[in-house]
1. So, in the stretch A:44-75, how many residues would count as being over 22 Å from A:GLU25 (Cβ atoms) and among the polar types (S, T, N, Q)?
2. Which residue out of B:SER168, B:SER188 is of a type in the set (Gly, Ala, Ser), surrounded by 21 or more Cβ atoms within 10 Å (Cβ to Cβ) and in contact with a strand residue (DSSP E or B) (Cβ under 7 Å, 6 or more places away or on another chain)?
3. Can you tell me which residues in the stretch B:183-195 are within 14 Å of chain A (Cβ to nearest Cβ), touching a helix residue (DSSP H, G or I) at 6+ places or on another chain (Cβ under 6 Å) and free of Cβ contacts under 8 Å to residues at least 60 places away in the same chain?
4. For the stretch A:56-88, what are the residues that are under 14 Å from A:ALA122 (Cα atoms) and either in contact with a Phe, Trp or Tyr (Cβ under 6 Å, 6 or more places away or on another chain) or part of a strand (DSSP E or B) (or both)?
5. For the stretch B:6-70, give me every one of the helices (runs of 4 or more DSSP H) that falls completely inside it and has 3 or more residues that are among the β-branched types (Val, Ile, Thr).
6. Does A:ILE121 qualify as being touching a residue at least 12 places away in the same chain (Cβ under 8 Å) and over 16 Å from the mean Cα position of the chain (by Cα)?
7. When the residues of the stretch B:78-113 are narrowed to those that are part of a strand (DSSP E or B) and acidic (Asp, Glu), which ends up surrounded by the fewest Cβ atoms within 10 Å (Cβ to Cβ)?
8. Of the conditions (1) assigned by TED's automatic domain parsing to the domain that holds B:TYR253; (2) in contact (Cβ under 8 Å) with a residue 40 or more places away in the chain, B:LYS8 fails just one. Which one is it?
Amino acid sequence: MMPKTVESQNLSVELKEVVITGNEEISSGVHLISWNRTHNFNPGQVVKIASDLTMPPRIYSICSGNDEPEIRVLFNVKEVGLLTPWLAGVIPGMKIWATKPYGSFSDGKKPAWWIATGTGIAPFFSMFRSGISENKTLIHGVRQLSQFYFEDELEWAMGERYIRCCSHEQSCNVFPGRIISYLEEIKELPTDINYYLCGKAIMVVEVRDLLISRGVRYENILAEIYF
Amino acid sequence: MKDSLFGKTLNELTALAVELGLPKFTGKQMAEWLYQKDVSSIDEMTNLSKKAREILSGKFEFGLVNSTKVQESVDGTKKYLFPTVQGKFIETAMIPDDDRKTVCVSSQVGCKMGCLFCMTGKQGFQGQLTAGEIVNQIRNIPEWHEVTNIVYMGMGEPFDNLEEVLKSLEILTSEWGFAMSPRRITVSTIGIVPGMVTFLNHSEAHLAVSMHTPFDAERQTLMPVQVAYPLEEVIREIKSWDFGRQRRISFEYIVFKGLNDSPRHVQELCKILNGIKCRINLIRFHPIPGTPLERTDENTLQKFKDQLNDKGILTTIRSSRGQDIYAACGLLSTKEMLGR
């Protein structure tokens, strides 16, 4: 018989207790929680979060800038989820378990398009808040207008380089439809830049296929999928 | 719609028997009918009283689902298409090889992982399979009595449907179930670490990890999961396990032309796998529509294998089977889905 590793022992190695400093419901069922930063990180990195050491942690993209004093994480409350309904109720002073930031979904100085659906905006907002949005275009796709998280800040700072697509509601300056439809309408997509995709698998797969069919090299397409 | 008996564990069957006012041992009897005998209806469970069968039939169905399509390759490989309760399709392959018959089962309808080289990912995620739907892929093919090996390498990521996959493994390996040795079962993952750890703790089946390149940046362009579960973390976790003499850990490696077939890759593989008693399975790429990736040539493939073996890593090339019947996983069900 092989020796059995105790799962919680593995988790305790990397998870540390952190104290919640804020919990804001920024849209219906969507929360932004924060705690004091104890490690440096690169925008685009993720953290694992757990309510205790008996449950496997979940992974979330960091949503704050890398020179801000707090780490913030954006999440949707999943009714049948084990973690998010509890996480939605945390208040400042409460403790959760979190790992130090890790991962390598990071952008550099090269021009890029950032493409996100829903809470997939988080790593790009982190990049934006970290000051690397100068030659980037951000395309955010949602179902309802209320899901354009951080839109005031993004619209003010990025102007026409901030594109909103909404599939179920309409508004001025918002493309009526999904991201894939918006991209399909563009006759010539730039092929000499990087593309960063973040969100649900179906968006990532559809957009990646479209980009490749338009001559973008697959090496220039990086994706993070929320599952 | 009635609930299915097929796919329930012995504990669940016993609990429902007690709940229905039937003797406790009815659970064991049902398990034998469901998983060990050639019957497909509750009426045929003849060692249960008529009244017990009536009570069961009032609330449950036996639960086997027939395949709606089967394709047979010139090499004997068969691909079965099964409908799911959600009205979608899943694929199951039966691969004969000398005295072995290996069944490759799906664990999800579609997939969330979005790997660049995979056809299933193009369907997006359609839903989870139940343990019954997973085991049905073995029990409900004509060859089920001859099945020698099972691999969870069909559609979906098994550790993204962990609970049902573990339940299906319990049914397959328990004395009251199919009584298969876990050493004849391999579960393949792209490296969902928490699921992998739970699986290693709760099952004795073999583990296969889809690696495809030892370099993080390259893997990220092929497999988005690399951001959440970097290969380094997967390898670190595997190194913390003693797999013993009988349990096997293998790494799946689809070889792409000019991408991951160089001596540099051999060197890095040796470096990161140092200390793990494992095997590498090299896989020929079955091109899918619109892919920018290409299959490496046979000469390079052979050389790559020889170099790894020379370095002391047991490396084999998986034989390509069923190429004339949409061999790449996901092609047949995607075609069926689009055709509807």
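1. Going through the stretch A:44-75 one residue at a time, the tally reaches 3.
2. B:SER188
3. First, the residues of the stretch B:183-195 that are within 14 Å of chain A (Cβ to nearest Cβ): B:183, B:189-195.
Now restrict to residues that are touching a helix residue (DSSP H, G or I) at 6+ places or on another chain (Cβ under 6 Å): B:189-193, B:195.
Once the filter is applied, which keeps residues that are within 14 Å of chain A (Cβ to nearest Cβ), touching a helix residue (DSSP H, G or I) at 6+ places or on another chain (Cβ under 6 Å) and free of Cβ contacts under 8 Å to residues at least 60 places away in the same chain, the stretch B:183-195 yields B:THR189, B:GLY191, B:ILE192, B:VAL193, B:GLY195.
4. First pass over the stretch A:56-88, keeping only residues under 14 Å from A:ALA122 (Cα atoms): A:59-66, A:71-76.
A:ILE59, A:TYR60, A:SER61, A:ILE62, A:CYS63, A:ASN66, A:ILE71, A:ARG72, A:VAL73, A:LEU74, A:PHE75, A:ASN76 - these are the residues of the stretch A:56-88 that are under 14 Å from A:ALA122 (Cα atoms) and either in contact with a Phe, Trp or Tyr (Cβ under 6 Å, 6 or more places away or on another chain) or part of a strand (DSSP E or B) (or both).
5. Ranges flagged: none.
6. no
7. The residue in question is B:ASP97.
8. (1)
The values are calculated or read from the model by the stated rules, or taken from the named source; none is laboratory data. Predicted model, so just to flag it, every value in this text is computed and none were measured. For neighbour counting, all protein chains shown are included, and Cβ atoms are generated from backbone atoms with ideal geometry for every residue, glycine included.
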